[in-house]
Every structure is written in structure tokens, then in C-alpha cells.
Amino acid sequence: MKSPTFIVVGAHKAATTSIHNYLKQHPDIYLIANKGSDRLSCKPYINSLGDAGEYLAQFEGATTQKALGEVSSVYLHGDGVATRIKNLFPDIKIIAVLRNPAERAYSHILWAGKKNFTLKEIKDFDSVILSIFSAQEKFRQPGLYYQNLKEYFDKFDREQIKILLYDDIVHEKQKFFKEILDFINVDSTFNFDFKEHYHKGTLKIDNSSRKVLQIINSRNNIKNALKFILRPIRNIFKIHLFLDLIWHR
């Protein structure tokens, strides 16, 4: 039965969806279709190859591909996942993508919170985000990179682990993916099509606040500035400074 030769283990909100979709373009790479199922972190746990039939069946569609893999956003911080991967696939290659922990948590909160922010909350946005971050462990744990990576370094040889940076997929995509392709031993001269973008985050603003923002926009001719609020957000301090400018005009 076919088995994976590499796994991208995360981190969460570090472009794993983009990595999955771009890697699918490569003719020498086969990825399981259902990215996000994260079966190796779910109960009932798969602790031996005897329990892994359903998981391994996802690779049966591979034909001539040299590298078979899975991209997950949660395996890096999942309890016991490193041990299970080691027990199942001791020779596998592990790829982790690390993002600035503060930016990662911020993006995670905006993505997972499903919250519509009011004008009052937007004005004091850093305090709102910090309050959410402090109250919920799920936003902190994925960014504890030393603790999470130590589980993998304790179990796998250093040569089996590749650490990449999120900033490189943003600013140097070809270089970023060439490193992955070299690491998993497939043709690294392949040219990816990066036109499609995935999971771009946005602020969710409640209806009453949106109307007020529209009025401000029309009266003060700050259309381009307000678009900044609605674009993907990467830096909590830039947002706070920008909103201060609006409210003190």
C-alpha cells in the first residue's frame, strides 16, 4: 500500500492552503484531496499501520508521482501527532512553515472568530484582539514554535525536517517552493502559476458600523484609506495607528 513521503505539518495560518494548492500543480507530487481533514490528529487515533488503512487509501490514486504527501495546518501543535507520524512513517520528511507569532495569532483570530466588529471595537482594536488572544488557548498554542517543533526534533533526524518562513512565500514564492521541491527530491525547475490567491483574511464589520464608515468615507474623501481596513490585515499596530488618524480628524 502506498504511503506518504512528506507531510507539511503547519503552522496554522501560515499559508498551508496556498502550499497545498500550488504543490498540486507539480506533476511529480501527489497530495491527498481532502486538505483539512487532518486525520492523524483526530480520534480514533491511528497508532499503527494496521489502523491506517483508511488514511493510506487516500494515496492509492498516485501513479507515476515521486512524492506523496499531505498538507496540514494543525499537525505542528497537535497532541501526540509527532509520535504517531514517527511510528507510522519513520523515514518521512517533515516541513514546517513559521510565521511571526503575533501576526499568526492575529490572522487566526480574524479567521476563526466569526465576529463582526463594532466601531468602538475597531477604534481600540489592539485591546480587543489582545483580550481574545488572552482568553482562548487555541490562539496561543499554535504559535509556541519551540515547544511544538521540539516534539519533532526529538523524534526525527535533523535531515528529515525542513523549516521555512511564511514571509518567503509572500515575497519570494519561487525560491520558497524550490526549497520544498529540492527537499522532497522532485524537479525543482518547475514553474508554478501563482495567480490564484487563497484564504485572504478581512475584517468583519457589523452593519451599523459599516454605514457609519460609508458616511465618513463620503464626507471626508478617505475612500482609499478605508479600503485598508477591508483588505487582508497583517499588522495590528498599523491598524491601530490608522484608525487613530480617522477618529482624530
Restricting to segment 60-78, what's the tally of residues that are open to solvent by 10 Å² or more (accessible area, probe 1.4 Å) and assigned to a strand (DSSP E or B)?
-> 1
Any pair with Cβ under 6 angstrom, 6 or more apart, that starts in segment 1-25 at a residue that is under 13 Å from I180 (Cα atoms) and ends at one that is open to solvent by 30 Å² or more (accessible area, probe 1.4 Å) = F6/K93; H20/K35
Residue count for segment 151-169, restricted to those that are open to solvent by less than 70 Å² (accessible area, probe 1.4 Å) and without any contact (Cβ under 8 Å) to a residue 12 or more places away in the chain | 1
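Residues checked against (1) loosely packed, with under 13 Cβ neighbours inside 10 Å; (2) of a type in the set (S, T, N, Q); (3) not in a loop (DSSP other than H, G, I, E, B):
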position	(1), (2), (3)
M1	yes, no, no
P4	no, no, no
I7	no, no, yes
K13	no, no, no
H20	no, no, yes
Y30	no, no, yes
If you go through D126, D168, D193, the only one that is modelled with pLDDT of 70 or more, assigned to a loop (DSSP other than H, G, I, E, B) and among the acidic types (D, E) is D193
Criterion (open to solvent by 50 Å² or more (accessible area, probe 1.4 Å), under 28 Å from Q147 (Cβ atoms), part of a helix (DSSP H, G or I) and among the basic types (K, R)) met by exactly one of K35, K86 | K86
Do you know which residues across segment 171-188 are in a helix (DSSP H, G or I), charged (D, E, K, R) and either open to solvent by 60 Å² or more (accessible area, probe 1.4 Å) or within 13 Å of H26 (Cβ to Cβ) (or both)?
-> K175, K178, D182
Condition set among the polar types (S, T, N, Q) and exposed (fewer than 15 other Cβ atoms within 10 Å of the Cβ), scope segment 92-123, selection modelled with the lowest pLDDT: answer is N116
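The values are calculated or read from the model by the stated rules, or taken from the named source; none is laboratory data. Being a predicted model, the structure only gives us computed values, none of them experimental. Cβ: placed from backbone, ideal geometry, glycine included. Neighbour counts: every protein chain shown. These accessible areas exclude ligands, DNA and RNA; they are computed on the full protein's heavy atoms, side chains included. Shrake-Rupley method; radii C 1.70, N 1.55, O 1.52, S 1.80 Å.
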